[in-house]
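The values are calculated or read from the model by the stated rules, or taken from the named source; none is laboratory data. Everything quoted here is computed from the prediction, not taken from an experiment. Positions of Cβ are backbone-derived with ideal geometry, glycine not excepted, and every protein chain shown enters the neighbour counts.
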């Protein structure tokens, strides 16, 4: 006897629920519990080098003897792990919070100053905020431009004019998007590939990542060598020694465990007055 279509659909949904409950609710967790028992993995469960930390002083300034970690949205607090949930469209500052773009711009400027490299980035102003204009048109989104505001600057705008219209500084508290302005990021003349790598200015998804890119480690190496009084070649060798390759040989990119690297730098054998 053929079942009614509504009953067949409900039975199919029930079967799918049971199958996925077994697969995802039982088999999947048990597989990972089993993987965690494999020698070489289980003995790393208490390894502190799996969690990043900041190398800053009490005022939050970088301790120049150490390699700096990537930013952390949770301050490397395991109880506050997580991302900021800010995306690429988050470009306008508010009185309560800097936009993701301005956070990136400010971090890049600070890293550039610390490491002696160009900290400029596309869509960033010279003073380290998002280079974003609110452009007002006569007919809403079209027609002649009637007004332009630099939405992230209450001081002198980063450009004097835009398409022949004088650019105004923002007034704190005004929502220029709600007022009808078209939010327009301005690329500027920064290089397409900034000297400061992306991981130096963006937080990881967990907020606890102990890794940085080899590129970020490389721009820090001269500072660390100078501050510690050891050779740049020695510092670069330590970077290599603490670099992990691609997972399974092809997944992801090589990364440097900055915590292990800094621990290695503190070993007596790496002090400038060490004699073998």
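Below, the figures for the structure above:
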read-out: Unique match (being farther than 30 Å from residue 162 by Cα and either outside the structural domain of residue 74 (by TED's automatic domain parsing) or free of Cβ contacts under 8 Å to residues at least 12 places away in the same chain (or both)) among 266, 189, 244; value: 266
read-out: Any chance residue 101 is closer than 30 Å to residue 170 by Cα and at pLDDT 80 or above; value: yes
read-out: Among (1) within 17 Å of the chain's Cα centre (by Cα); (2) in a helix (DSSP H, G or I), the one test that residue 224 misses; value: (1)
read-out: Pairs, first on the phi > 0 side of the Ramachandran plot in the stretch 169-181, second surrounded by fewer than 14 Cβ atoms within 10 Å (Cβ to Cβ) and part of a loop (DSSP other than H, G, I, E, B), C-beta under 7 Å, six or more apart; value: 173/95
read-out: Checklist (1) more than 21 Å from the chain's Cα centre (by Cα); (2) modelled with pLDDT under 95 applied to residue 205, failing item; value: (1)
read-out: Residue check, residue 178 over 17 Å from the mean Cα position of the chain (by Cα), in a loop (DSSP other than H, G, I, E, B) and surrounded by fewer than 21 Cβ atoms within 10 Å (Cβ to Cβ); value: yes
read-out: Pairs, first surrounded by 10 or more Cβ atoms within 10 Å (Cβ to Cβ) in the stretch 26-39, second at pLDDT below 80 and not in a helix (DSSP H, G or I), C-beta under 7 Å, six or more apart; value: 35/41
read-out: Selection count where residues are assigned to a helix (DSSP H, G or I) and within 15 Å of the chain's Cα centre (by Cα), scope the stretch 87-114; value: 12
read-out: Residue in the stretch 142-150 that is under 27 Å from the mean Cα position of the chain (by Cα) and at pLDDT 95 or above present; value: yes
read-out: The stretch 193-214, residues that are in contact with a helix residue (DSSP H, G or I) (Cβ under 6 Å, 6 or more places away or on another chain) and part of a loop (DSSP other than H, G, I, E, B); value: 196, 197, 201, 210, 213
read-out: Leading residue by the ranking (nearest to the chain's Cα centre (by Cα)) among those in the stretch 227-246 that are part of a helix (DSSP H, G or I) and surrounded by 14 or more Cβ atoms within 10 Å (Cβ to Cβ); value: 239
read-out: Sole exception among (1) in contact with a helix residue (DSSP H, G or I) (Cβ under 6 Å, 6 or more places away or on another chain); (2) surrounded by fewer than 20 Cβ atoms within 10 Å (Cβ to Cβ); (3) under 25 Å from residue 53 (Cβ atoms) for residue 90, by number; value: (3)
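For every residue, the table says whether it meets (1) crowded, with 16+ Cβ neighbours inside 10 Å; (2) out of contact with any strand residue (DSSP E or B) (no Cβ under 8 Å at 6 or more places or on another chain).
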{"position": "119", "(1), (2)": "yes, yes"}
{"position": "136", "(1), (2)": "yes, no"}
{"position": "158", "(1), (2)": "yes, no"}
{"position": "193", "(1), (2)": "no, yes"}
{"position": "212", "(1), (2)": "yes, no"}
{"position": "222", "(1), (2)": "no, yes"}
